[in-house]
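Novice: Quick one: the structure is below, and I'll ask about it shortly.
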Amino acid sequence: MKAAIGKEHGVVFGLLHSSTFIFLLSSFILHPSSFSLAGLPQPLIVYYGQAKDWFGWPYTDNATVILLRGTNECARQPIKGSLSPGVNFALQVPFDDGRDTNRYVRNAVRAGDAVSVVVDDCDGRKTVMENGTVPAVTTPGDMILVNVTAATDADGDRLPDEWEQVLIDWGLHPNYTNIWDINAGDDYDGDGQSNGDEYRAGTFAFLDYDYFFVEHMERTGNGRLGLDFLSVLGKAYNLQYSTNLYAGIWTDCEYSLSDTGALQTAPTEGDGAWFSFFVPIVNTFRAFRLTVR
Ligand SMILES: [Ca+2]
Ligand SMILES: [Ca+2]
Ligand SMILES: [Ca+2]
């Protein structure tokens with residue numbers, strides 16, 4: 001960097017005073033290391049994923065995801081809907097090659113740097129439950145998936161403590177008095193789905209009439225099987241099939257979003273309303289399952 005600056009200065013001064021030009025050029029030749037004032041830029045590294053609020057619902061707006069190195073902000077992105085199903089942020093972070101003490105820009109990261117994520121939402125700055133597991137910086141050009149939840153998890157059960165407190169405050173089981181009483185594998189409201197599954201599906205784990213299920217199935221006029229379910233805004237839904245339940249092998253299944261629509265296997269993002277998936281019917285045994293994340 002400084003070599004380039006030196007040459008520029010040299011050209012200017014050289015035109016006016018040839019002796020000055022010679023001096024600057026000599027300096028460059030004799031002390032090349034002294035011109036390395038900063039590292040050099042490398043291809044950006046991207047941290048991407050889905051940021052969720054303390055209830056486990058994906059943010060759709062009014063939130064900004066920020067990547068920190070220590071207290072230095074490296075990148076930020078305001079959330080404006082989803083970038084793709086299950087992804088609502090992609091932080092593009094400058095990458096420095098580490099050849100000099102100084103980074104080429106203040107917010108650049110280097111290989112091996114430890115980083116953390118925070119979320120600014122309408123209630124202020126939040127740390128995320130996953131900060132202990134956010135991968136360190138790898139190599140230039142990498143894409144690193146990191147899903148984050150703006151919440152605390154003091155009891156380490158991967159359920160936001162704030163979410164657990166809602167169940168306690170609901171009072172269905174008065175003996176449940178603190179977050180350590182709430183377990184992901186338990187079924188607080190007795191609707192047949194565990195607390196952890198309900199949290200991940202975005203349903204209310206304290207209401208036994210709210211859970212994730214297919215409400216209705218019917219053969220359509222186009223010879224497909226129609227499946228109706230209530231979606232949660234921002235959650236990603238997919239359909240899978242198995243021809244051997246005993247082996248537990250599941251494969252993404254082609255489906256469409258209308259009876260005559262184009263078939264796809266990519267997930268579809270919920271909008272909080274009723275959804276219908278349409279599946280071509282085949283003449284062999286197939287079990288289907290609807291997934292949510
Ligand atoms: Ca917890
Ligand atoms: Ca339940
Ligand atoms: Ca429930």
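Novice: Mind listing whichever residues of the range 170-193 are surrounded by fewer than 17 Cβ atoms within 10 Å (Cβ to Cβ) and either within 9 Å of ligand 2 (Cβ to nearest atom) or touching a residue at least 60 places away in the same chain (Cβ under 8 Å) (or both)?
Specialist: 186, 190, 192
Novice: Of the conditions (1) farther than 24 Å from residue 231 by Cα; (2) within 13 Å of the chain's Cα centre (by Cα), residue 97 clears all except one; give me its number.
Specialist: Failing condition for residue 97: (2).
Novice: Residue by residue through the range 161-186, note down the ones that are in a loop (DSSP other than H, G, I, E, B), away from ligand 3 (no atom under 16 Å from the Cβ) and in contact with a helix residue (DSSP H, G or I) (Cβ under 8 Å, 6 or more places away or on another chain).
Specialist: 175, 177, 178
Novice: Here is a follow-up. Got a sec? Which of 210, 197, 153, 189 is within 16 Å of ligand 3 (Cβ to nearest atom), in a loop (DSSP other than H, G, I, E, B) and under 30 Å from residue 80 (Cβ atoms)?
Specialist: Result of the check over 210, 197, 153, 189: 210.
Novice: Would you mind listing the strands (runs of 3 or more DSSP E) fully within the range 217-292 where at least 2 residues are surrounded by 12 or more Cβ atoms within 10 Å (Cβ to Cβ) and aliphatic (A, V, I, L, M)?
Specialist: Once the strands (runs of 3 or more DSSP E) in the range 217-292 are filtered for at least 2 residues that are surrounded by 12 or more Cβ atoms within 10 Å (Cβ to Cβ) and aliphatic (A, V, I, L, M), what remains is 224-230, 236-242, 287-292.
Novice: Output the number of residues of the range 158-181 satisfying the condition of being near ligand 1 (Cβ under 10 Å from one of its atoms) and either at pLDDT below 95 or touching a Cys at 6+ places or on another chain (Cβ under 9 Å) (or both).
Specialist: So the count comes out to 1.
Novice: Take the residues in the range 190-216 that are closer than 15 Å to residue 272 by Cα and of a type in the set (Ser, Thr, Tyr), then tell me which one is farthest from ligand 1 (Cβ to nearest atom).
Specialist: Residue satisfying both the conditions and the ranking: 211.
Novice: In the range 64-97, what residues are out of contact with any Ser or Thr (no Cβ under 9 Å at 6 or more places or on another chain) and over 21 Å from residue 132 (Cβ atoms)?
Specialist: Residues satisfying the conditions are 64, 83, 84, 86, 87, 90, 92, 94, 96, 97.
The values are calculated or read from the model by the stated rules, or taken from the named source; none is laboratory data. Please read all numbers here as calculations on a predicted model, not as lab measurements. Quick reminder, even Gly has a Cβ in these numbers, built from the backbone with ideal geometry, and neighbours come from all protein chains shown.
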